[in-house]
1. Criterion first (at pLDDT below 80, part of a helix (DSSP H, G or I) and either of a type in the set (Ser, Thr, Tyr) or not assigned by TED's automatic domain parsing to the domain that holds residue A:256 (or both)) does residue A:201 satisfy it?
2. Hey, among B:74, B:59, B:99, B:40, which residue is within 14 Å of chain A (Cβ to nearest Cβ) and more than 10 Å from DNA strand C (Cβ to nearest atom)?
3. Of A:104, A:66, which residue is of a type outside the set (Val, Ile, Thr), in contact with a Gly (Cβ under 7 Å, 6 or more places away or on another chain) and within 16 Å of DNA strand C (Cβ to nearest atom)?
4. So which of B:63, B:27 ends up being of a type outside the set (Asp, Glu) and either in contact with a helix residue (DSSP H, G or I) (Cβ under 8 Å, 6 or more places away or on another chain) or at pLDDT 95 or above (or both)?
5. Of all residues in the range A:112-144, which are open to solvent by 20 Å² or more (accessible area, probe 1.4 Å), modelled with pLDDT under 85 and outside any strand (DSSP E or B)?
6. Would you check which residues across the range B:164-191 are at the interface with chain A (Cβ under 7 Å from one of its Cβ atoms) and under 18 Å from residue B:214 (Cβ atoms) and list them?
7. Based on this model, can you work out whether residue B:328 counts as within 12 Å of the chain's Cα centre (by Cα) and open to solvent by less than 10 Å² (accessible area, probe 1.4 Å)?
There are 2 protein chains.
Amino acid sequence: MAVVMDTRKGRILNAIIEDYIQTAQPVGSRTLEKKYFPSLSSATIRNEMSDLAELGYLLQPHVSAGRVPSHTALRRFAKDLLNGSFEDVKEEQQTRDYLYARRGQTDDLMPAAAQVLSELTSLTAIVMMPGRREQKISRVQLIALNRGQALLVLVTDSGETSQTVIRVTDRLDSDGLYAISKALTEKLSGQTLGDVRKMLDYYRQSGAEGQVLDGIAALAGRIEKQSAGETVVLGGRHNILNYPEYADITKARDFLSVLEENEQMLSVMRKTSNGFSVLIGDEIGVPGTEDCALISTSFGVAGGHRGTVNIIGPARMPYARVLSTMRLVSGILTELMGGNE
Amino acid sequence: MAVVMDTRKGRILNAIIEDYIQTAQPVGSRTLEKKYFPSLSSATIRNEMSDLAELGYLLQPHVSAGRVPSHTALRRFAKDLLNGSFEDVKEEQQTRDYLYARRGQTDDLMPAAAQVLSELTSLTAIVMMPGRREQKISRVQLIALNRGQALLVLVTDSGETSQTVIRVTDRLDSDGLYAISKALTEKLSGQTLGDVRKMLDYYRQSGAEGQVLDGIAALAGRIEKQSAGETVVLGGRHNILNYPEYADITKARDFLSVLEENEQMLSVMRKTSNGFSVLIGDEIGVPGTEDCALISTSFGVAGGHRGTVNIIGPARMPYARVLSTMRLVSGILTELMGGNE
DNA sequence: TGTTAGCACTCTCGACCGTCGAGTGCTAAT
DNA sequence: ATTAGCACTCGACGGTCGAGAGTGCTAACA
């Protein structure tokens, strides 16, 4: 008679998965009897486990070890969680405040997001920000500091800002700087960052505001480099040291080197569209990640692009916590980057 | 007859140290003969090594392994390097540019410095910034962004800036914001950050610029928290995974946890005054760092305080490279933070 | 027909050798 | 003072063995 999945098998499988996620140890029939099913005997549980193994949900590392949930089983488990409702992340308000404080400062925000994700999940987080369409300058402003220095702030039409300190002549007071700011804004606003560089040569011949122009050029270059190209930020790399599956240092090192700017890995993550993608084991398709799970979701960015938020770690990970944390953070990022969910 | 140090012994000791720093393996007399002293026989070298051991410069992990330089020997070696001239760090210009781009943005600069240090040395870097005297506001400026938002920039009298995005009413154009900025600057400049918060309650009753004031309060709080208290930034934590002395994952973990906000560790680093401090092994005096070397130096900050720059790693580290990299970075930090060397 | 006790069987893990090789220390010769 | 030669020491490595954990199967039972 064909073996079929029934409720009790499901409950036993879930118990095995939970225990295994916690302990990283193969779980045996006696453990299950004591911890989860005192009303059943270990022999009965053994029979069910044998059926589950036949169905492909359990593996045994070797004959006299307990059973380990297969990747198939973990997939089932994670997908089930996806359909259910998400629990709230306790640290929600704190997280929101932390990230909102970095609104508009994309180069601060991405690392902060990666850090929050990795801290809340104890795993490794990867945040990818797509290259955005060419940005235009919407405003240039100089702010007086002391000692002949000024802060140059560049605002783009998508609301991102970037700043740097430059030297200016001592003669300029606050009003003078404001006048220059207005003039520069007038000249430059609406120009793309690329155009600005070309224009600068022309102005530079007038000799007047040399340092200011150099500053703008440098800053424009920086924003360009950072917004035209895709940005990839990692957080919590060394969290994996706490997982017994990486007790072997060479494994840990290999894992880390797979992460660092691995084009194959990035292209997998880029594929994520709305909603969650849960890839376990071979599904990831990147050599060296056979024992990993990669959870991805995306966030919206003004202009219709989408960035992605990713968590990677051992296939045995606290999926519930990971999913809800990621939903929280990607939601906040969408809000902050002015995109649509 | 008493054993004394002579030139040949010195040369042999240096060869042992260099080889050991490279390979992390005990070095034997035959290796020395082949790699460094083909004109001597291994037996002669053995005799010298035996003398060096008697002098306390060499240890043998066990009788049939090679010799390992003792901490005393490493100290001698490092101190010698200190007295000699420093080689230039090849990446000097790059490093300088990288850090200068963050001038005035202390919260960006510290992590950047730690990162540069750790990348150039392949070790772990710790940068400490002392709490500074209470700062005063020297300027407040609002810059229009799109969609009823503005960038609020706060400049302190020491030239540090900090910014955040706030909401403002749509009616305000650039000139309006400038007018408000001037008014706010007039009212607030010269006030300490602490005072500002108190004042805000008074203004808030007038109801006029609620969001702006909230923004200032938040920002003032942030700068305060960050400049009043000492800041500690780590870089390159996971570099240690590449060292065989941390091949055991629990050692690596222990090392990392000693680093994280360890008050004992910090107080050792705070003791650094001008010049370099080289602590090896027990000299550090922090449990768990018995096999480490801690190199510290300081940089000047406006107002006469000093921050510190530290590299920590296995006692066997490339001292020459570490020392010159640290001198470069601490020099740049002094320039950027407006302190005196 | 589902559940359970009992038992033989399998496989890993740690402890316990014995061998091998690297490296030393000593002695005697140069 | 230097060196060749040799005995000696100790860790690394590989193999063997017993203990323990956990399974699969069978037979009894509700």
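The values are calculated or read from the model by the stated rules, or taken from the named source; none is laboratory data. Because the structure is a prediction, the values reported are computed rather than measured. Note that each Cβ is placed from the backbone with ideal geometry, even for glycine, and that neighbours are counted across all protein chains shown. For accessibility, only protein heavy atoms count, side chains too; no ligands or nucleic acids. Shrake-Rupley method; radii C 1.70, N 1.55, O 1.52, S 1.80 Å.
1. Yes; evaluated as a whole, the condition is true for this residue.
2. Testing whether each residue is within 14 Å of chain A (Cβ to nearest Cβ) and more than 10 Å from DNA strand C (Cβ to nearest atom) leaves just B:99.
3. A:66
4. B:27
5. Within the range A:112-144, A:131, A:132, A:133, A:134 qualify.
6. B:164, B:165
7. Answer is no for this residue.
Per-residue answers, yes or no, for (1) more than 10 Å from chain B (Cβ to nearest Cβ); (2) free of Cβ contacts under 8 Å to residues at least 24 places away in the same chain:
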{"residue": "A:234", "(1), (2)": "yes, no"}
{"residue": "A:240", "(1), (2)": "no, no"}
{"residue": "A:245", "(1), (2)": "yes, no"}
{"residue": "A:248", "(1), (2)": "no, yes"}
{"residue": "A:256", "(1), (2)": "no, yes"}
{"residue": "A:263", "(1), (2)": "yes, yes"}
{"residue": "A:269", "(1), (2)": "yes, no"}
{"residue": "A:285", "(1), (2)": "yes, yes"}
